Each structure stands twice: as C-alpha cells, then as structure tokens.
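A.B. asks: Below you will find the structure I want to go over with you.
The values are calculated or read from the model by the stated rules, or taken from the named source; none is laboratory data. Note that the structure is a prediction, hence the values are computed from the model and not measured. Reconstructed Cβ throughout: ideal geometry from the backbone, glycine too, with neighbour counts over all protein chains shown. Calculation scope for accessible area: heavy atoms of the full protein, side chains included, ligands and nucleic acids excluded. Shrake-Rupley method; radii C 1.70, N 1.55, O 1.52, S 1.80 Å.
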Amino acid sequence: MTDAEGTSTARPSAPTNLAFGVDVGGSGIKGGVVDLDTGELVGERFKVLTPQPSTPDAVAGGVVEVVEHFDWTGPVGLTLPGVITDATMRTAANIDKGWIGTDVYELFGKALGGRQVSVLNDADAAGMAEDRFGAGADVDGVVMLLTLGTGIGSAILINGTLVPNTELGHMVIDGKEAEHMASSKVKEDKDWSYHKWAGKLSTVLETYEALFWPKLFIVGGGISRKADKWVPMLSNSTPVVAATLRNTAGIVGAAMAVDAGLRT
Ligand code: BGC
C-alpha cells in the first residue's frame, strides 16, 4: 500500500519463521524466541541462574522455567557445555559430573512434556549462529569459532556445515590443555595483563591454524566485548574478529538446530 506521495505505508509484517532456543551455561540458563530469517531475538531474552550443583534434574527445572516464561509450546533447541553424541552427554569439564552418560533428549523431552528437542554443544550452537548471521556470514570455506570463558569452546564450520564436538579447548599444547592456558578465567584467576594473556592465546591460535587452516577465527565470550584491546596484540596469522551476536549466539544456534532437526 502507498500514500499520496507514493511512500509505502504497509506496516512491517510480524516475523513468522520462529523457533525457540535455550543456552545452558555455568552461571545462567538463557532463552528466547528467535526470528530465523534475521537471527534476531523477538523480544527480550530471559535468564535464570544455573542451579548449584548444576545436576541434570536441577538444570532441566531451570530450562522449564525459561520456556514457560514465554508460554512457548513448540519445539525447543538447547545447548550444553559438553560433548553430545547419540543423544548422550559424554563430557562435563565445567558442569556437574552427573551429566556424563545422561540421555539429554530423554531428560529435556520429559521435562518439556514430550515435545521435540535438539541438544547440542554450546560452542557449536554459537558457531552456527555466527556463521549464518554474524561475523562469519560473508566468509566462504572453513571458519573456526572459539568461546573464551570458563573453558574454551570450539566450533568448526565449512560453508555453513558444522563438524560437531571438536573440543579444541582440550588440545594439549606445550604440556597444558588450551583452556587451562588461555581461557578468560585463567587470565582473571592469574590477574594477567591483556598483553600476557594475548601471548598465551597466540600460541593456542598458532597451533590451531597450523592444523586446520581456517579462513577466519571468530572469538566469543564476555572478553570478546573488549576485543579491540587485545586482538591487535595477537601474533598468529589468521584474521581474528569478535563475535557480533554476543550473548544471543547460543540461543540463536540452538533455535537453528531444532528448526533443522539437528542431532549430533
Ligand atoms: C567443554 C566444551 C564447551 C566449552 C565452553 C569446555 O570445557 O569441554 O564442551 O563447549 O567448555 O563451554
């Protein structure tokens, strides 16, 4: 519809391609409704604190609270900070060890009244979202996303297709796991300067690029908000850019996963 001057007066139509994502982290369980055409949240995200201890049943309770907050009755995509294969959580480096061996599809399926769920690794979800809608959107070939937080999460994508559960934060480099060497928690715990920490992270990135030759590293996690302070200090060769979806990437990736019926 146009007015007398030929300007469109049609109101933007409400998004119709919606899905729901929940990002389970060590400190918070965050969820929201995602517009899959734009990768943006429709309305605010909602967060509850991750119960401590973060056992499967306690976390499932938190997930239900988040989903019910939105009165969402459809399928739900979820992330967890560990390896998920054949519906089962295999590792739990930074979450309650009770997750190891848990059938996460049964757990969340039951807690959410038998609806369809997809459950995937947190960094994998963030990688899918950044690759489609964020810092990797215009990049062809291999893109690697790293989340720098309590641990280091990794995602590898090639032209939008994910290689799940890469777990490069646990690669042993100079006798130490990468995440014990260069996560943002290590920087905080040791009170390192950006300069000192960037040196450690450069060693990790140089190791990854020598093995995988990505076109781009995307760095996420809280510390990526200050990327302009430390990215220039890195000495590796592959370009490094900050994630652009910030704290919604996990939610968006989880929603993409359930929409695609992804099972890792
Ligand atoms: C876990 C990964 C996870 C990462 C970030 C690591 O310790 O092993 O599965 O993606 O932390 O949460």
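A.B. asks: Quick one: of the DSSP bridges fully inside the range 11-135, what percent are antiparallel, nearest 5?
C.D. replies: Working: 16 of 25 bridges.
Taking every DSSP beta bridge within the range 11-135, about 65 percent pair in antiparallel fashion.
A.B. asks: Relative contact order, percent, of the range 1-134 when contacts are C-alpha pairs under 8 Å separated by at least 6 residues?
C.D. replies: The value is 21 percent.
A.B. asks: Considering only DSSP beta bridges where both residues belong to the chain, give the percentage that are antiparallel (nearest 5). Please list the in-between numbers first.
C.D. replies: Numbers: 29 of 46 bridges.
Within the chain, antiparallel bridges account for around 65 percent of the total.
A.B. asks: Another one. Sticking with the crude label model, points 7 Å out along Cα→Cβ, report the distance from S193 to L49 in nm, one decimal please.
C.D. replies: 3.6
A.B. asks: Please identify the DSSP H helices in the chain that span no less than 15 Å along the helix axis (Cα) and have a mean Kyte-Doolittle hydropathy of -0.5 or more.
C.D. replies: The qualifying helices are 56-69, 194-212, 249-260.
A.B. asks: While we're looking at this one, here's another question. Based on Cβ point charges of +1 for Lys and Arg and -1 for Asp and Glu, what charge dipole magnitude is obtained for the chain about its Cα centre, in debye rounded to the nearest 20?
C.D. replies: 600
A.B. asks: Would you compute, from DSSP H runs of 4+ residues alone, the mean residue ellipticity of the chain at 222 nm, taking -39500 (n - 2.57) per run and dividing by the full residue count, rounded to the nearest 500? Don't skip to the end; give the middle numbers.
C.D. replies: Numbers: 8 runs with 81 residues, N = 264.
The per-residue figure over the chain is -9000 deg cm²/dmol.
A.B. asks: Report, in debye and to the nearest 20, how large the dipole of the range 139-244 comes out about its Cα centre when Lys and Arg carry +1 and Asp and Glu carry -1 on their Cβ.
C.D. replies: Numbers: 10 positive and 11 negative charges, 62 e Å.
Magnitude of the dipole: close to 300 debye.
A.B. asks: A further question on this structure: Which pairs break 20 Å Cα to Cα here: K97/K187; K30/K200; K185/K229; K97/K226? Walk me through the numbers before you get to the answer.
C.D. replies: Values: K97/K187 25 Å; K30/K200 30 Å; K185/K229 17 Å; K97/K226 32 Å.
Correct reply: K97/K187; K30/K200; K97/K226.
A.B. asks: Along its three principal axes, how long is the range 139-244 when you only count alpha carbons? Whole Å, largest extent first please.
C.D. replies: Here the Cα extents, ordered largest to smallest, are 38, 29, 22 Å.
A.B. asks: If amide H atoms are built 1.01 Å from N in the plane of the peptide, which residues on other chains or at least 5 residues away come under 5 Å of the amide H of G28?
C.D. replies: Counting only residues 5 or more places away or on other chains, the set is T50.
A.B. asks: On to the next question. Given a cut-off of under 8 Å on Cα pairs at least six residues apart, what relative contact order in percent is computed for the chain? If you can, show how the numbers build up before the last one.
C.D. replies: Numbers: 563 pairs, mean separation 57.3, N = 264.
Reported relative contact order: 22 percent.
A.B. asks: Once fully extended, how much extra length lies between A14 and T73, figured as 0.36 nm per residue of separation less the alpha-carbon to alpha-carbon distance?
C.D. replies: Net length gain for the segment: 19.4 nm.
A.B. asks: What are the aspartates and glutamates whose alpha-carbon lies under 19 Å from the alpha-carbon of K196, with same-chain residues fewer than 8 places away excluded?
C.D. replies: D174, E177, E179, E188, E206, D228
A.B. asks: For the chain, set up a GNM with springs between Cα atoms under 10 Å and report which of E167, E130, E106 has the largest fluctuation.
C.D. replies: With Cα springs under 10 Å in the chain, the top fluctuation among E167, E130, E106 is at E106.
A.B. asks: Ok, one more. So how much accessible area does D189 have, in Å² to the nearest 10, using a 1.4 Å probe?
C.D. replies: Accessible area, nearest 10 Å²: 100 Å².
A.B. asks: Still on this structure, please answer the following. Full extension from E206 to S235: what is 0.36 nm times the residue separation minus their Cα-Cα distance, to one decimal in nm?
C.D. replies: Numbers: separation 29, 0.36 × 29 = 10.44 nm, distance 0.82 nm.
Computed gain between E206 and S235 is 9.6 nm.
A.B. asks: Mind checking which of N236, H69, G43 is farthest towards the positive end of the chain's charge dipole, using Cβ charges of +1 (Lys, Arg) and -1 (Asp, Glu) about the Cα centre?
C.D. replies: My answer, from the dipole projection, is N236.
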